[in-house]
2 protein chains.
Amino acid sequence: MNDEKVRIALDAMGGDFAPASVVEGAILAQKEMGKDVELTLVGDKGKIGLELSRLESNHLPFHIRHASEWITMEDNALDVVKRKKDSSITVGLDLQKSKQADAFVSGGNTGAVMASALLNLGRIEGALRPAIASCLPSEKGIVVVLDVGANADCKPQHLLQFGVMGSIYSNLVLKTENPKVGLLSIGEEQTKGNELILESYKLFSNSSLNFVGNVEGRDVLKGTCDVVVCDGFVGNIVLKFAESIDGFLTSLVKKRVKKNPLFRLGAFLLKISLGDLKQSLDYSEYGGAPLLGVDGTCIICHGESSAKAIKNAIRLAHNMVRNQVQEKIKEKLASNAKVLKEMNELQS
Amino acid sequence: MNDEKVRIALDAMGGDFAPASVVEGAILAQKEMGKDVELTLVGDKGKIGLELSRLESNHLPFHIRHASEWITMEDNALDVVKRKKDSSITVGLDLQKSKQADAFVSGGNTGAVMASALLNLGRIEGALRPAIASCLPSEKGIVVVLDVGANADCKPQHLLQFGVMGSIYSNLVLKTENPKVGLLSIGEEQTKGNELILESYKLFSNSSLNFVGNVEGRDVLKGTCDVVVCDGFVGNIVLKFAESIDGFLTSLVKKRVKKNPLFRLGAFLLKISLGDLKQSLDYSEYGGAPLLGVDGTCIICHGESSAKAIKNAIRLAHNMVRNQVQEKIKEKLASNAKVLKEMNELQS
């Protein structure tokens, strides 16, 4: 393989519209970034071949790695990862483990990708828990929210590491200088929050992060800070709430139009005016969400990912490898002796 | 006092625009519901008098109850309630305690209203924790979300009672038949959630509630269920996130208009089309949020409440008293022997 290119393995069988959407996304990426990436499609060879023929793209320089099984959205994550040894997710992550790929992108079963990544790649040394980092739009730019679903119950030291990883991600990938990190809570004062946040506040205050204190629900879309830290339960609820806004607004406008057809013009202009609202509120458009803290580069895409979203995820994987996000996280977690000491004290 | 009218005490000093907004709201309510309500303005007699003169409403049949102090938004709730014995909040709640009023409405410091209500009115017998119940719009109608801030950390038996109280509120005030109750979580399956939700699921399943299982962040605005139960930490974050959507959309449109002035027409029509989006996402427009579980009827309004919002809160207080919400909650919590037994087992 060409060492100068970033080698990315794609789960061709993952997602509601796979393999079509993944193969199409790979073609878009190949055309746009062919000089920078080398793509391997992982999955059923026959199905992938059919898609490539359908899209008249057999000539493109893809690698294909056959995997005889695939994991569905309904499969139980932990169980299936151990049972389906030759699934596209496991085979794809194996490529990364054996240094045949630099990154893995999947729109498949999120739980299975996480479980398989932990099993196959393991955690970065010192990383207590991996976290899914999602991007949300705000009045001031893109905000990184993490964790959005990997860990339903967290401890303060987990949140602190999420802050560290999110800060590096925001800095290296989104090019935010000295990212402002906030703890998602129910009041700005140090005394406001649940037990987890009250304890975490102290840890964050004593860390090397650019900690701006607690932020509230309203601060996410306001863009008060660049990195919003929360446990995966709260983060997932906020993310899914945000993703539902577009559908809600559409239904609101439809009702208006029904009442008064003159509003049809307004609805049409609304659609143009806010054309990208859906996209800007849908994390797949930011190219999926990285699973930070595992020993590799792993991007999780929305199950409903379009070809464009897959292409964006490939671009994100490329950016993360080029900017050495994983290495910087490793470095930071190892070198931040003060933080580690505090964490050890807390853990003991 | 006229027993046929619902007697409502108003915190004239509570809120960012008090006493002006409260006095104006009282005037609106008096004109609209004068036959049904008897209003007492609680606060600085001089200031209230000045507002009444300014609004040429000295002739209206308000009672005025002087209170020499008031609690600011910055005051520490617990501390100030004990310190300021003659605050408009304490005096207003005292009126209810001494049966001179049937309900209390305040747009003041939420923490202080809660603390004072617990201190002065106490809890309904059997109620473990009071909860703030907020209304959010959805594609299918109004959804009750609780708790939205009274309890940052909860136990399963607290959530179960929130479900019971929210269900009664939805049924009696919003007239929902057999309200569908959902637990806010990160997946529909019984196995998805944090520790609190996993434990609560079992309690809800064995209760007499019309429990529809877990709902996700996206289900709130979709209106999948009528009552969304969560702890006050999660609920407050979701509520404040929802309240920030309008500002975010406005900023999105402004940026568009800046890029292309033609969108100005779109923005104008958007404003008409979605005229009430701000209102529908702002809980003050539903007339504030009741504090359920305290032994009285207590409505908490947004600090930024307009006169219209105060009027709506008065209407809500009236509805709650007329529909005997408090009595029904009392009855249900006492009679639901099965639930109480389960709770006692959990508590022991």
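The values are calculated or read from the model by the stated rules, or taken from the named source; none is laboratory data. Quick caveat: nothing in here was measured; it's all calculated off a predicted structure. Here the Cβ positions follow ideal geometry from the backbone for every residue, glycine too, while neighbour counts run over all protein chains shown.
Some values worked out for this structure:
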item	result
Qualifying residues in region A:1-16 (those that are surrounded by fewer than 18 Cβ atoms within 10 Å (Cβ to Cβ) and in contact (Cβ under 8 Å) with a residue 40 or more places away in the chain) - the one nearest to the chain's Cα centre (by Cα)	A:D16
Odd one out for A:C135, checked against (1) assigned by TED's automatic domain parsing to the domain that holds A:T176; (2) not in a strand (DSSP E or B)	(2)
Residues of region A:176-193 that turn out to be within 8 Å of another protein chain (Cβ to nearest Cβ) and hydrophobic (A, V, I, L, M, F, W, C), as a count	2
Some residue of region B:19-38 being touching a His at 6+ places or on another chain (Cβ under 8 Å), assigned by TED's automatic domain parsing to the domain that holds B:K311, at pLDDT 95 or above and of a type in the set (D, E)	yes
Matching entry among B:K271, B:K278, B:K258, B:K254 (being more than 30 Å from A:K258 (Cβ to Cβ), modelled with pLDDT under 90 and part of a helix (DSSP H, G or I))	B:K258
Options B:K328, B:K332; residue that is at pLDDT below 95 and in a helix (DSSP H, G or I)	B:K332
B:A115 farther than 30 Å from B:K45 by Cα and among the aliphatic types (A, V, I, L, M)	no
B:S208 being in contact (Cβ under 8 Å) with a residue 40 or more places away in the chain and either β-branched (V, I, T) or in a helix (DSSP H, G or I) (or both)	no
Subset of region A:194-212 [facing another protein chain (nearest Cβ under 9 Å) and either modelled with pLDDT under 95 or surrounded by fewer than 20 Cβ atoms within 10 Å (Cβ to Cβ) (or both)]	A:E195, A:L198
Some residue of region B:138-148 being part of a loop (DSSP other than H, G, I, E, B), within 14 Å of chain A (Cβ to nearest Cβ) and in contact with a strand residue (DSSP E or B) (Cβ under 7 Å, 6 or more places away or on another chain)	yes
Test: residue in region B:150-170 that is more than 21 Å from the chain's Cα centre (by Cα) and among the hydroxyl-bearing types (S, T, Y)	no
Strands (runs of 3 or more DSSP E) completely within region B:34-129 that count 3 or more residues being within 14 Å of B:G296 (Cβ to Cβ)	B:103-106
Condition met for B:L183 (in a strand (DSSP E or B), crowded, with 24+ Cβ neighbours inside 10 Å and at pLDDT 95 or above)	yes
Residue check, B:E56 modelled with pLDDT of 95 or more and either buried (at least 18 other Cβ atoms within 10 Å of the Cβ) or more than 26 Å from B:Y286 (Cβ to Cβ) (or both)	yes
Residue selected from region A:213-236 under the condition assigned to a helix (DSSP H, G or I) and within 15 Å of the chain's Cα centre (by Cα), by the criterion farthest from the other protein chains (Cβ to nearest Cβ)	A:G235
